[in-house]
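The values are calculated or read from the model by the stated rules, or taken from the named source; none is laboratory data. Only a predicted model underlies this, so the values are computations on that prediction, with no experimental measurement involved. Backbone-built Cβ (ideal geometry, glycine too); neighbour counts: all protein chains shown. Just so you know, the surface numbers come from the protein's heavy atoms only, side chains and all, with ligands and any DNA or RNA stripped out. Shrake-Rupley method; radii C 1.70, N 1.55, O 1.52, S 1.80 Å.
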Amino acid sequence: QMWEEAIALGKELAEQYENEMFDYEQLSELLRKQAQFYENIVKVIRPKPDYFAVGYYGQGFPTFIRNKVFIYRGKEYERREDFEARLLTQFPNAEKMKTTSPPGDDIKSSSGQYIQCFTVKPKLDLPSKFHRPVSEQIVSFYRVNEVQRFEYSRPVRKGEKNPDNEFANMWIERTIYVTAYKLPGILRWFEVKSVFMVEISPLENAIETMQLTNDKINNMVQQHLNDPNLPINPLSMLLNGIVDPAVMGGFTNYEKAFFTEKYIHEHPEDHDKIEKLKDLIAWQIPFLAEGIRIHGEKVTEALRPFHERMEACFRHLKDKVEKQYGVRTVLSSLDDRRGSRPRSMVRSFTMPSSSRPLSVASVSSISSDSTPSRPGSDGFVLEPLLPKKMHSRSQDKLDKDDLDKDKKEKKKEKRNSKHQEIFDKEIKSTDISLQQSEAVILSETISPLRPQRPKSQVINIISSERRFSVSPSPPSSQVTPPPVTPRTKLSFSIQSNLELNGMSSSDIPDIPPPLPLKGSMADYGNLMESQDLISPTTSPPAHQRVSP
């Protein structure tokens, strides 16, 4: 799940595929993987492993680990007890040390084996590219990966013990370990190369604690804003532990320890640190307010009394803090972290009908032979807009149109009514009368059924117990008719020249024309183009004429 590392390697491969190998197919597949990796970084919650410091002391260990300290990266959800048990199986004779302080020379020079193990916290080291605040989901990877500095803190008490407030004299002894390489690497453990120790004063410890608490609240609020399906229990415990003074005491202990006249008089050098602590306390209120608002939206009826008590405690806390330390307002940072798309990136694809480009068929484009110059590009069915009495079609075509009428009615219901209104305006604005022109039918549906030919044009020839279908080629000067679709029943059909010249079926003589001469018995495709052979006055033999 180290997708950040996979993306870095993928960019190297993409450079090779694009500029060296010109393998765009591999490049496209690689870019799709990278897109999935980026999505996983933002949406998938990855477990955070723990890191453990392990020291091998005594002359009984091999030389490469003797009296040395190593930082181990634990497995997912592995506790320290499980890690120690796994470690001691490799050295069954070793003795586990009870303290976390560095051992003395007596233990290091002894002949036995002593193992010291404790949990350390990785120190965040963000890459330089993150020069501005980014999402916690992105930063969380670098909290436990690509880390080289680890710290372990031990509380140390100095001075007189105060039974009323333990924070006043609690110092932190912090040990920082630096490994030879960043973890994780080719190994899950690396040797510690340097160790140094620093002391944290009680006031500095209070500032760190308040900063961590504010970050924790902010991060959890951000997670719930990005994913509303997260469980509410962790948020409930976090908010209740801070708001309810009966649970942890809140920052009241800090006020008693550091905001008194006595402490300010004895430590004048801590004035800036005291003001910083007050500022952090004031900034905690808007974070808590956002968290309680989200908690109120997601709380169940069973936890409603718990939420109401928490709201009451927060109102009391808010009044107190704003009165003493001022009001802080989060302008739009929480809204920006919701993960929503900026308004500038959201486009409305619904345009008003007045500005939408339309293609309207013009009546003036209809030629004298009632053939449209170009079909409507918008797929309009213009038949309902035309006068029904001007339709002059054969009975066969009327039957076919009746079958398609239901289909057209369904399609018209799905079309935009505004298109129809605009088309009506275009029709009314024209000066050409539709009563003087023949009807024009434009339809986007092409019927799979071909209309039947007139009976006078179909001649069935039964000869030599074989049937053929032949269409003679018209002269080059005539218009080429559309191709004839073969039917299941083969028939011999001839289109008359008179019909091609625009004559109707009623003008064709009742006596069908004779068959053209053929070159051979098996060749009905070579037809003579002589006009004498197609004379309508010559009738075929009586035995070949069959009523269709």
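The phi-based Karplus calculation (6.51 cos²θ - 1.76 cosθ + 1.60; θ = phi - 60°) puts the 3J(HN,Hα) values of segment 50-60 at 8, 10, 10, 9, 10, x, 10, 10, x, 7, x Hz, whole numbers, x for Gly and Pro.
Annotation: extensible slack from Gln26 through Lys11 equals 4.1 nm (criterion: 0.36 nm per residue apart, minus Cα-Cα distance). Put simply, the amide H of Val147, placed in the peptide plane, has neighbours under 5 Å in Leu183, leaving out anything fewer than 5 places away on its chain. Each of Asp244, Asp23 has its accessible area taken with a 1.4 Å probe; listed largest first, they run Asp23, Asp244. A probe of 1.4 angstrom, applied to the heavy atoms of all protein chains, finds Trp283 with accessible area near 80 square angstrom. Each peptide among 114-120, 31-37 gets the average number of other Cβ atoms lying within 10 Å of its residues, and from highest to lowest they stand as 114-120, 31-37. Model label points for Thr209 and His316, set 7 angstrom from Cα along the Cα-to-Cβ axis, are 2.1 nm apart.
In the context of the full set of protein chains, residues of segment 3-43 present 74 Å² of accessible surface per residue (probe radius 1.4 Å, heavy atoms only). Between segment 82-152 and segment 262-323, the alpha-carbon centres lie 34 Å apart.
Rolling a 1.4 angstrom probe over the protein heavy atoms with all chains in place gives segment 47-200 an accessible area of 59 Å² per residue. Both the radius of gyration and Dmax for segment 3-43 are 10.4, 34 Å, in that order, over alpha-carbon atoms.
Calculated translational diffusion coefficient of segment 149-278 (10 °C, 1.306 mPa s; Stokes-Einstein with Kirkwood radius over alpha-carbon pairs) equals 90 µm²/s.
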